[in-house]
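Engineer: Got a structure for you, written out below as structure tokens; questions coming shortly.
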Amino acid sequence: LIYNAQTNALRLIEGWNYNFYHLTASTGKYGGDEILVMSNNIIDLETYDEKLDKTVKKSYYEDLNASFYNSIIFGYSKNEILLSNDEKKEFNYLFDHCLVTAIKDSFDINDTNIINEVIFNENPEFKDIDSAFFDLDTLSPAKDKASIFRVNEALDKLQFDINGEDRTIDDGPDI
């Protein structure tokens, strides 16, 4: 659970490989910049060059692979996900059984290698976001919508949620 970050709760930059399971990231009641930034490039980063004895601007490009399983990326702006792709390097991401606040047209929603069973731009109906109580209300669109396959894939780590509730005993795990 990551919340009330008024600027980029997750900055996946300079490449790498990331896998997130049952992540909830929200701006909470405050809003701010995008919650999630994914980039395979950093352009004009100022660094100190010892040989030149001065600050110079450099650009970095690295492969980025990021997967989000059974996760919620929610905020109150129209777009909580910022993507920056330079074709010099790989830029792969997957949202699988997620609820996200994002501009739907930014994604190829027909490509299940990128977007699979994603709920766009719906309020997850947390019980009391103002008090940082992020349990889902019984009427939440994320209720029972997670992938049981992903839970079973790492059952020893994912069977129980942050409150100690068993994800495998009702109609299905929650996102």
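The values are calculated or read from the model by the stated rules, or taken from the named source; none is laboratory data. Note that this is a predicted model, so its numbers are computed, not measured. As a convention, Cβ positions derive from the backbone with ideal geometry for all residues, glycine included, and neighbour counts pool all protein chains shown. SASA here: full protein model, heavy atoms, side chains in, ligands and nucleic acids out. Shrake-Rupley method; radii C 1.70, N 1.55, O 1.52, S 1.80 Å.
Engineer: Report, by residue number, each residue of region 13-36 that is modelled with pLDDT of 90 or more, crowded, with 16+ Cβ neighbours inside 10 Å and assigned to a strand (DSSP E or B).
Structural biologist: 20, 21, 24, 25, 36
Engineer: Let me ask something additional. Going through region 88-112 one residue at a time, which ones are of a type in the set (A, V, I, L, M) and either assigned to a strand (DSSP E or B) or open to solvent by less than 30 Å² (accessible area, probe 1.4 Å) (or both)?
Structural biologist: 94, 99, 100, 102
Engineer: Also, I was wondering about something else. Based on what the data block shows, is residue 84 in contact with a Pro (Cβ under 8 Å, 6 or more places away or on another chain), more than 16 Å from residue 25 (Cβ to Cβ) and surrounded by 13 or more Cβ atoms within 10 Å (Cβ to Cβ)?
Structural biologist: Considered against the rule, which asks whether it is in contact with a Pro (Cβ under 8 Å, 6 or more places away or on another chain), more than 16 Å from residue 25 (Cβ to Cβ) and surrounded by 13 or more Cβ atoms within 10 Å (Cβ to Cβ), residue 84 comes out as no.
Engineer: Among the candidates 128, 144, which residue alone is open to solvent by less than 80 Å² (accessible area, probe 1.4 Å), modelled with pLDDT under 90 and among the acidic types (Asp, Glu)? Explain how you work it out, then say what you get.
Structural biologist: Details: 144 fails: modelled with pLDDT under 90.
Of the residues listed, the single one that is open to solvent by less than 80 Å² (accessible area, probe 1.4 Å), modelled with pLDDT under 90 and among the acidic types (Asp, Glu) is 128.
Engineer: Which condition number in (1) open to solvent by 40 Å² or more (accessible area, probe 1.4 Å); (2) among the hydrophobic types (A, V, I, L, M, F, W, C); (3) under 17 Å from the mean Cα position of the chain (by Cα) is the one that residue 149 fails?
Structural biologist: (3)
Engineer: Moving on. Residue by residue through region 131-141, note down the ones that are at pLDDT below 90 and open to solvent by 70 Å² or more (accessible area, probe 1.4 Å).
Structural biologist: 131, 133
Engineer: I would also like to ask the following. I'm trying to understand the selection: among the residues of region 155-175, which are loosely packed, with under 13 Cβ neighbours inside 10 Å and in contact with a Phe, Trp or Tyr (Cβ under 9 Å, 6 or more places away or on another chain)?
Structural biologist: If the condition is that a residue be loosely packed, with under 13 Cβ neighbours inside 10 Å and in contact with a Phe, Trp or Tyr (Cβ under 9 Å, 6 or more places away or on another chain), then 157, 162, 166 are the ones that fit.
Engineer: Another question about this same structure. What's the total number of residues in region 47-67 that are more than 23 Å from residue 113 (Cβ to Cβ), in contact (Cβ under 8 Å) with a residue 12 or more places away in the chain and open to solvent by 80 Å² or more (accessible area, probe 1.4 Å)?
Structural biologist: So the count comes out to 2.
Engineer: Among 72, 115, 119, which is touching a Leu at 6+ places or on another chain (Cβ under 7 Å), closer than 24 Å to residue 15 by Cα and modelled with pLDDT of 90 or more? Write out each step before concluding.
Structural biologist: Details: 115 fails: touching a Leu at 6+ places or on another chain (Cβ under 7 Å); 119 fails: closer than 24 Å to residue 15 by Cα.
Testing whether each residue is touching a Leu at 6+ places or on another chain (Cβ under 7 Å), closer than 24 Å to residue 15 by Cα and modelled with pLDDT of 90 or more leaves just 72.
Engineer: As an exercise: evaluate residue 123 against (1) open to solvent by less than 20 Å² (accessible area, probe 1.4 Å); (2) touching a residue at least 40 places away in the same chain (Cβ under 8 Å); (3) within 22 Å of residue 6 (Cα to Cα) and give the number of the one condition it does not meet.
Structural biologist: Here residue 123 clears every test but (1).
Engineer: Determine which member of the set 42, 73, 115 is out of contact with any helix residue (DSSP H, G or I) (no Cβ under 8 Å at 6 or more places or on another chain), surrounded by 15 or more Cβ atoms within 10 Å (Cβ to Cβ) and more than 25 Å from residue 140 (Cα to Cα).
Structural biologist: None of the other options fit; the residue is 42.
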